[in-house]
Amino acid sequence: MRKTLLFMLAVLMLVSVAGLTSAQDATPIEFGQTIEGSISNRDYEFEYTFNGNEGDVIAITMEPSDSSSNLDPQIVLRDADGDPLAANDDFSYPISLIVLRLPGSGEYSILATRTQGSTGSTEGDFILSLTNIEPVVAGSKLEALINSDFDVEKPDFFYFIPQETGQVKISFNQDNSEIYASLRLSISPDWASDPTSSYYDNGLDLYNTSLISSATFTMAFEAGRVYILAVSFGGYSPTSSFNDMELPVTITVS
């Protein structure tokens with residue numbers, strides 16, 4: 001009898017320990033905060049909770065802490081009942097991004113994990129950030145800064161949520177230098193219709209601007225949809241000396 005009881009206790013302990021290998025206790029996160037963590041085969045998902053107000057536009061990003069990591073991040077936003085509202089895997093590898101207008105006031109949770117979760121194979125340290133953003137409006141002048149040093153280079157993101165359907169003009173200006181910018185405009189999934197949809201549509205991909213000092217393009221925007229403009233280092237110009245340098249890029253919206 002005693003051996004049977006000890007065996008049952010041992011099994012219960014193993015089950016309890018196994019439960020620790022997936023999700024951890026939820027950790028509070030606030031707007032403007034950045035949290036660091038580490039994904040491994042033992043601990044492959046973490047939950048973070050925050051309070052938001054109806055109409056808040058939030059941005060959640062998850063990315064590896066450094067370029068040596070092979071982590072492929074994935075994030076899921078859930079409501080207070082645990083129902084998914086949005087998910088993303090690789091907005092722009094290796095960065096995962098969710099931008100969403102909150103449907104109501106209350107508590108929300110973020111699941112930070114990796115592609116394929118428990119069956120995934122990537123591991124490494126990560127950075128998770130939560131931001132309450134102000135969408136770009138017509139008449140805005142924006143400043144981005146690109147850097148050819150991949151250890152410090154990160155895209156600058158600008159967010160559009162038009163109130164009316166129509167044409168929007170976006171212009172950019174840069175000095176003809178030894179490096180040039182890449183501009184990518186993405187359209188978020190319709191998460192209200194399908195919260196599990198993970199991939200952004202590509203609205204514009206201007207990846208090589210090496211011979212362009214300025215340009216204007218017109219986009220057809222749909223009211224209520226989220227549009228994300230990513231400005232990043234595109235590459236070296238033909239006459240470059242291939243030194244690490246920075247270059248400002250000006251964006252105007254009309």
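The values are calculated or read from the model by the stated rules, or taken from the named source; none is laboratory data. Just so it is clear, the structure is predicted and the values come from calculations on it, not from any experiment. All Cβ positions, glycine included, derive from the backbone under ideal geometry; neighbour counts span all protein chains shown.
Points to keep in mind about this one:
- Taking the criterion of being at pLDDT below 95 and either assigned to a helix (DSSP H, G or I) or surrounded by 10 or more Cβ atoms within 10 Å (Cβ to Cβ) (or both), the residues of the range 19-36 that qualify are Gly19, Leu20, Thr21, Ser22, Ala23, Gln24, Ala26.
- Conditions (1) closer than 24 Å to Ser232 by Cβ; (2) of a type outside the set (D, E, K, R); (3) out of contact with any strand residue (DSSP E or B) (no Cβ under 6 Å at 6 or more places or on another chain); number of the one not met by Ile75: (3)
- Selection count where residues are surrounded by fewer than 16 Cβ atoms within 10 Å (Cβ to Cβ) and not in a strand (DSSP E or B), scope the range 102-143: 14
- Filtering Val231, Val253 for residues that are at pLDDT 95 or above, aliphatic (A, V, I, L, M) and closer than 30 Å to Gly104 by Cβ leaves a single hit, Val253.
- Output for the range 216-230, where each listed residue is within 19 Å of the chain's Cα centre (by Cα) and assigned to a strand (DSSP E or B): Tyr227, Ile228, Leu229, Ala230
- Any hit, the range 166-179, residues being over 23 Å from Ala86 (Cα atoms), not in a strand (DSSP E or B) and not acidic (Asp, Glu): yes
- Looking only at residues in the range 230-249 that are of a type outside the set (A, V, I, L, M, F, W, C) and surrounded by fewer than 14 Cβ atoms within 10 Å (Cβ to Cβ), the one that is nearest to Thr165 (Cα to Cα) is Pro248.
- Per this entry, Phe150 is not counted among residues that are surrounded by 14 or more Cβ atoms within 10 Å (Cβ to Cβ) and of a type outside the set (A, V, I, L, M).
- Scope the range 57-74; condition surrounded by fewer than 17 Cβ atoms within 10 Å (Cβ to Cβ) and out of contact with any Phe, Trp or Tyr (no Cβ under 8 Å at 6 or more places or on another chain); matching residues: Asp66, Ser68, Asn70
- Identity of the residue in the range 144-165, among the polar types (S, T, N, Q) and either in a loop (DSSP other than H, G, I, E, B) or in the same structural domain as Leu111 (by TED's automatic domain parsing) (or both), that ends up nearest to Ile212 (Cα to Cα): Ser148
- Residue that is of a type outside the set (A, V, I, L, M, F, W, C), over 28 Å from Gly203 (Cβ atoms) and at pLDDT below 95, where the choices are Ser16, Ser92, Ser67: Ser16
- Qualifying positions in the range 231-254 - part of a strand (DSSP E or B) and either free of Cβ contacts under 8 Å to residues at least 40 places away in the same chain or within 17 Å of Val137 (Cα to Cα) (or both): Thr250, Ile251, Thr252, Val253
- Taking the range 104-144 as the range and being closer than 27 Å to Ser69 by Cβ and acidic (Asp, Glu) as the test, the residues that pass are Glu123, Asp125.
- A residue that is farther than 19 Å from Ser198 by Cβ and among the polar types (S, T, N, Q) cannot be found anywhere in the range 108-120.
- Taken over the range 75-101, the criterion of being under 18 Å from Ser193 (Cβ atoms) and either buried (at least 18 other Cβ atoms within 10 Å of the Cβ) or within 8 Å of the chain's Cα centre (by Cα) (or both) is satisfied by Val76, Leu77, Arg78, Ala86, Ala87, Asn88, Ile98, Val99, Leu100.
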